[in-house]
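As structure tokens, the structure follows; a few thoughts come after it.
The values are calculated or read from the model by the stated rules, or taken from the named source; none is laboratory data. Being a predicted model, the structure only gives us computed values, none of them experimental. Reconstructed Cβ throughout: ideal geometry from the backbone, glycine too, with neighbour counts over all protein chains shown.
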Amino acid sequence: MRVLGIETSCDETGVAIYDTDQGLLSHALYSQVEMHARYGGVVPELASRDHVRRIIPLVEKVLEEAGIHSKEVGGIAYTEGPGLIGALLVGVSVAQGLAWTWQVPSVGVHHMEGHLLACMLEDNPPSFPFVALLVSGGHTQLVRVDGVGQYKILGETLDDAVGEAFDKTAKLLGLSYPGGPMIEKISLNGNPKQYKFPRPMVNRPGLDFSFSGLKTFARNTWEASEKDEQTQADVAYAFSEAVFDTLFIKCKRAFQETNLDRLVVAGGVSANEQLRERLSELSGEVYYPRQEFCTDNGAMIAYAGAIRLMAGERKGLSFHAQPRWTMESLKAI
Ligand code: KG4
Ligand code: ZN
């Protein structure tokens, strides 16, 4: 089955075609980052309007690049949630409109399930069960994964998501949006010995996280400094190191608690090389999607949707989006 995947949950319009026999045929992405950068973060209304502008040309592009006619599409998968409601509704509407026009089934995909399964598009995919560390702009979760749709949340953030903490810290340091890649870049010039930030919640049992205090620690350090370029790099380094060390400690603990030794890391922050280096110290296997599929993309939605469509899941022609949606409520395949 050839599945058209559509992702519009936030500030990236992602479209792809996944073939259940041949794998990923094509994918295309339009990032709105530049548009939102001047406001220092995502402006939801602008995001929705831009998805409307970009989505149809992207669908045409992936069909052309896959070398197929729309008649050869056997199903449509779209991000149903979680995400920005207006942005989600653009994807839902286009997907359902096309499903009706082409008379093919459609399915709504959970955005974080998409991230979690993105590494299945790689040559050496992990086998179930595994622990997943999901680190994006809106989520920070450790999940026990026993199969598609079999998710148990082991721990999650009580306040800011990791990506969100990166974006806010970057803003504080005067860096542009999105902050994660900027912090990664400048932290390479940071002096590792200059600052030591705390590791939040590591002395408490359990697998939950909290990153808002670390962000405040970064603010206080920055405010008390010379606010020069070197301090910027030093704060960026110390902040990243504290976040990644905390994630490392909790992943190690998740291995102990589950008796598993396979980790899948996904979501925007998983693109970070400093994080990857730190997690390579875990005793076990660690899997990542390729860099371009760490952040939002249509390929992961096409893949997750294809699995669900093949299992007979159907959405019907409802125009339903779920801005908040827990992964634990998903159907097991
Ligand atoms: O998964 P994603 O593209 O969108 C959401 O579902 O939220 O993640 C975006 C987040 C942003 O907060 C961004 O700053 C962060 O991922 N991010 C990074 C890096 N690349 C993206 N954080 C740290 N290092 C990076 N290289
Ligand atoms: Zn995402």
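So is residue 104 in a strand (DSSP E or B) and not assigned by TED's automatic domain parsing to the domain that holds residue 239 or not?
When the stated conditions are applied, residue 104 does not pass them.
I need a count of the residues in segment 152-167 that are away from ligand 2 (no atom under 16 Å from the Cβ) and surrounded by 21 or more Cβ atoms within 10 Å (Cβ to Cβ).
Residues meeting the conditions: 0.
Can you find even one residue in segment 311-323 that is within 26 Å of residue 269 (Cα to Cα) and among the small types (Gly, Ala, Ser)?
Yes; the residues of segment 311-323 include at least one that is within 26 Å of residue 269 (Cα to Cα) and among the small types (Gly, Ala, Ser).
Among the residues that make up segment 116-124, is at least one of them more than 18 Å from the chain's Cα centre (by Cα) and more than 13 Å from ligand 1 (Cβ to nearest atom)?
yes
Here is a list: 261, 228, 245. Which entry is surrounded by fewer than 19 Cβ atoms within 10 Å (Cβ to Cβ), within 16 Å of ligand 1 (Cβ to nearest atom) and not aromatic (Phe, Trp, Tyr)?
The unique qualifying residue is 245.
For the list (1) among the aliphatic types (A, V, I, L, M); (2) more than 23 Å from residue 271 (Cα to Cα); (3) within 16 Å of ligand 1 (Cβ to nearest atom); (4) touching an Asp or Glu at 6+ places or on another chain (Cβ under 8 Å), I need the number of the one condition that residue 35 fails.
It fails just one condition, (2).
Among 308, 290, which is surrounded by 24 or more Cβ atoms within 10 Å (Cβ to Cβ) and of a type in the set (D, E, K, R)?
The unique qualifying residue is 308.
Among the candidates 233, 254, 218, single out the residue that is in contact with a strand residue (DSSP E or B) (Cβ under 6 Å, 6 or more places away or on another chain) and either free of Cβ contacts under 8 Å to residues at least 60 places away in the same chain or surrounded by 16 or more Cβ atoms within 10 Å (Cβ to Cβ) (or both).
Unique residue meeting the criteria: 254.
Condition first: within 15 Å of residue 77 (Cβ to Cβ), basic (Lys, Arg) and outside any helix (DSSP H, G or I). Now tell me which residues in segment 303-333 satisfy that.
314, 315, 331
Among (1) among the β-branched types (Val, Ile, Thr); (2) outside any helix (DSSP H, G or I); (3) closer than 24 Å to residue 21 by Cα, which single condition is residue 265 missing?
Among (1) among the β-branched types (Val, Ile, Thr); (2) outside any helix (DSSP H, G or I); (3) closer than 24 Å to residue 21 by Cα, residue 265 violates only (3).
If I go through segment 62-93 residue by residue, how many of them are under 16 Å from residue 28 (Cα atoms) and hydrophobic (A, V, I, L, M, F, W, C)?
Qualifying residue count, segment 62-93: 6.
Do you know which of the residues in segment 267-293 that are charged (D, E, K, R) and farther than 19 Å from residue 112 by Cβ is farthest from ligand 1 (Cβ to nearest atom)?
Among them, the one singled out is 285.
With respect to residue 134, is the statement that it is out of contact with any Gly (no Cβ under 7 Å at 6 or more places or on another chain) and within 16 Å of ligand 2 (Cβ to nearest atom) true?
It is false that residue 134 is out of contact with any Gly (no Cβ under 7 Å at 6 or more places or on another chain) and within 16 Å of ligand 2 (Cβ to nearest atom).
If we scan segment 106-116, do we find a residue that is surrounded by fewer than 24 Cβ atoms within 10 Å (Cβ to Cβ), modelled with pLDDT of 95 or more, of a type in the set (A, V, I, L, M, F, W, C) and within 23 Å of residue 327 (Cβ to Cβ)?
So far as segment 106-116 goes, no, none of its residues is surrounded by fewer than 24 Cβ atoms within 10 Å (Cβ to Cβ), modelled with pLDDT of 95 or more, of a type in the set (A, V, I, L, M, F, W, C) and within 23 Å of residue 327 (Cβ to Cβ).
Filter segment 211-235 for residues that are assigned to a helix (DSSP H, G or I) and among the acidic types (Asp, Glu) and give the result.
Selection gives 223, 229, 234.
State all residues of segment 176-200 that are of a type outside the set (Gly, Ala, Ser), at pLDDT 95 or above and out of contact with any Leu (no Cβ under 8 Å at 6 or more places or on another chain); if no residue qualifies, say none.
Passing the criteria: 181, 184, 185, 188, 189, 191, 192, 193, 194, 195, 196, 199.
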